[in-house]
Amino acid sequence: MVTEKNVKELENSQASLTLTVDAATIEKAYQARLNKYAKTIEMPGFRKGHVPTSVIERKYGQGIREESTFDCMEENLKETIETLDESQRPLPYSVPELQDEETLLPFKKDTDITFTVKYDIYPKFDLPQYTGLEVEVKKGEVTDEDVEKEIKRLQEQNAMVLRKDGAVADGDIVKVDVAELDAEGNVIEGSENTDFTFTVGSGYNQYKIDSDIIGMVAGEEKIFDKTYGDDEKNETLKGKTLKIRVMVNEVKYRDIPEVDDDFAQDIKDEYKTVDDLKAGIKADFQSRLDEAQKNIKANSIVNAIAANTVISIPQSMIDYEGENSWQNFVRQMGIPEEQFVSYLQVQGSSKEALIAGWKDSIVEDLKKQMILDAIRKKEDFQVDEKAYEEKCNEEIKDSYSPEQKDYLKSAIKDEMQYAETVPFLLANNTFKEGEAVSYEAFMNPSEE
């Protein structure tokens, strides 16, 4: 039995637990282990199961004492942890580490053992003010230009690609044979590219020949010198003058549909006119914009609260989330983990390096989750009883034990309360809108 226990909270969300296990408990465990060995051990001159315990004790006593004492310590540690307040218990993924083991050895007969373990606990922190704040957020609006851009995209999406008899023009789709020639006009080995297809004006071709083939027709060949400046991004072309031969094999163009009532009806049956199409696009964009603005407001207020909150997140929690992120990433890649690890090694990277690069975002996400959960606990939001009962009936099986049912009921309530936290913050804080930007700039800020 444990005769003494002492829990001390440390810095960096850690705690130490000191236990004293009485000598009687240790001796009982030692004798039980000794008797077990006596029944199974084989020694010269004795029949199996008939070796005197005194003989076993002389030869293996110290090793048996170590085994039984460590087992006794571990058993009592587990029992004690169950009696601790939840805030003092180790995190599920934090293994208690025995401190100063060398000072405990060798274990002595009829002697109490006092030992200390250290482990990570759930971080404790003070919540700052989280209501009555004012946060500035960007504002988006759906402009006529946004609608026109979407209509143009729909035109491109619904365009038909048709063969063209005339000359190549900007925007046409061409199929060409292209090669580099040497000073004597011979094809340089390895430079040939047959039936290469690209859209003129896109620049998506090795030699950047978009402007050079405008005016050519299918079946026409052209040889020309092309000089690339020092500002050329392709290092293999930079500062060079090449002789290039191009044969145009095929020319096609996109037949862009007219924006009329028929076009509107092709996009969606409920649209009868172009005005219906424009109104539908605007309403759809506005709906997406409203949802995006709601998310931005939520992120902004949580970021504002987090900026004034100090939380020491233990390494075991970061490691656990890092491993989860890794497993999710591998699943998204759709290849076996071993294969992906090999790929990273070829690239001069590793699993550890990838996870290390995620650390800052992992820490930030954990911090925000803890803040939201702390607000949930403090506000103790009321849940809809009918919805709560329906969810419990849906997720809790009759075959579950009473303990499992109680745990799941509590977890479901926590989940439903957590879902109320962000709406609560949105309703109890003020958001100052900045200068309005277009829908496109709002939804794709990196392209501003």
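The values are calculated or read from the model by the stated rules, or taken from the named source; none is laboratory data. Model, not experiment: these values are computed from the prediction. Cβ sites come from the backbone with ideal geometry, for glycine too, and all protein chains shown count toward neighbours. Keep in mind that these areas ignore ligands, DNA and RNA; they rest on the heavy atoms of the full protein, side chains included. Shrake-Rupley method; radii C 1.70, N 1.55, O 1.52, S 1.80 Å.
Tabulated data
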| item | result |
| --- | --- |
| Region 176-194, residues that are touching a residue at least 60 places away in the same chain (Cβ under 8 Å), touching a strand residue (DSSP E or B) at 6+ places or on another chain (Cβ under 7 Å) and among the charged types (D, E, K, R) | ASP177, GLU180 |
| Hits in region 106-122 (condition: under 15 Å from ASP71 (Cβ atoms) and not β-branched (Val, Ile, Thr)) | PHE107, PHE115 |
| Residues (in contact (Cβ under 8 Å) with a residue 24 or more places away in the chain, closer than 16 Å to ASP22 by Cα and out of contact with any helix residue (DSSP H, G or I) (no Cβ under 8 Å at 6 or more places or on another chain)) located in region 76-117 | LEU77, GLU79, THR80, THR114, THR116 |
| Matching option when the condition is exposed (fewer than 12 other Cβ atoms within 10 Å of the Cβ) and under 27 Å from LYS432 (Cα atoms), among GLU270, GLU291 | GLU291 |
| Only one of GLU184, GLU145 that is open to solvent by 60 Å² or more (accessible area, probe 1.4 Å) and either aromatic (Phe, Trp, Tyr) or under 30 Å from SER287 (Cα atoms) (or both) | GLU145 |
| Pick from region 196-248, criterion outside any loop (DSSP other than H, G, I, E, B), in contact (Cβ under 8 Å) with a residue 40 or more places away in the chain and closer than 24 Å to ALA183 by Cβ, ranking: most open to solvent (accessible area, probe 1.4 Å) | ILE223 |
| Any hit, region 53-72, residues being in contact with a helix residue (DSSP H, G or I) (Cβ under 6 Å, 6 or more places away or on another chain), part of a strand (DSSP E or B) and surrounded by 17 or more Cβ atoms within 10 Å (Cβ to Cβ) | no |
| Test for SER399: is it small (Gly, Ala, Ser), open to solvent by 40 Å² or more (accessible area, probe 1.4 Å) and not in a helix (DSSP H, G or I) | yes |
| Selected residue [in contact (Cβ under 8 Å) with a residue 24 or more places away in the chain, over 17 Å from PRO128 (Cβ atoms) and not hydroxyl-bearing (Ser, Thr, Tyr)] from LYS386, LYS378, LYS367, LYS351 | LYS351 |
| Breaking point among (1) open to solvent by 80 Å² or more (accessible area, probe 1.4 Å); (2) among the hydroxyl-bearing types (Ser, Thr, Tyr); (3) at pLDDT 95 or above, for SER446 | (3) |
| Long-range neighbours under 9 Å by Cβ, at least six apart or interchain, first residue over 9 Å from SER68 (Cβ atoms) within region 21-45, second basic (Lys, Arg) and assigned to a helix (DSSP H, G or I) | MET43/LYS59 |
| Test: residue in region 129-136 that is crowded, with 16+ Cβ neighbours inside 10 Å and not aliphatic (A, V, I, L, M) | yes |
| Exclusive hit being of a type in the set (A, V, I, L, M), farther than 14 Å from GLU433 by Cα, assigned to a helix (DSSP H, G or I) and in contact (Cβ under 8 Å) with a residue 40 or more places away in the chain, set ALA283, ALA279, ALA306, ALA298 | ALA306 |
| So ILE173, is it open to solvent by less than 70 Å² (accessible area, probe 1.4 Å) and touching a residue at least 24 places away in the same chain (Cβ under 8 Å) | yes |
| Which numbered condition VAL95 fails, given (1) within 30 Å of LYS118 (Cα to Cα); (2) open to solvent by less than 90 Å² (accessible area, probe 1.4 Å) | (2) |
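Conditions (1) open to solvent by 80 Å² or more (accessible area, probe 1.4 Å); (2) touching a Cys at 6+ places or on another chain (Cβ under 6 Å); (3) hydrophobic (A, V, I, L, M, F, W, C), marked per residue:
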| site | (1), (2), (3) |
| --- | --- |
| LYS378 | yes, no, no |
| ASN393 | yes, no, no |
| VAL422 | no, no, yes |
| LEU425 | no, no, yes |
| THR430 | no, no, no |
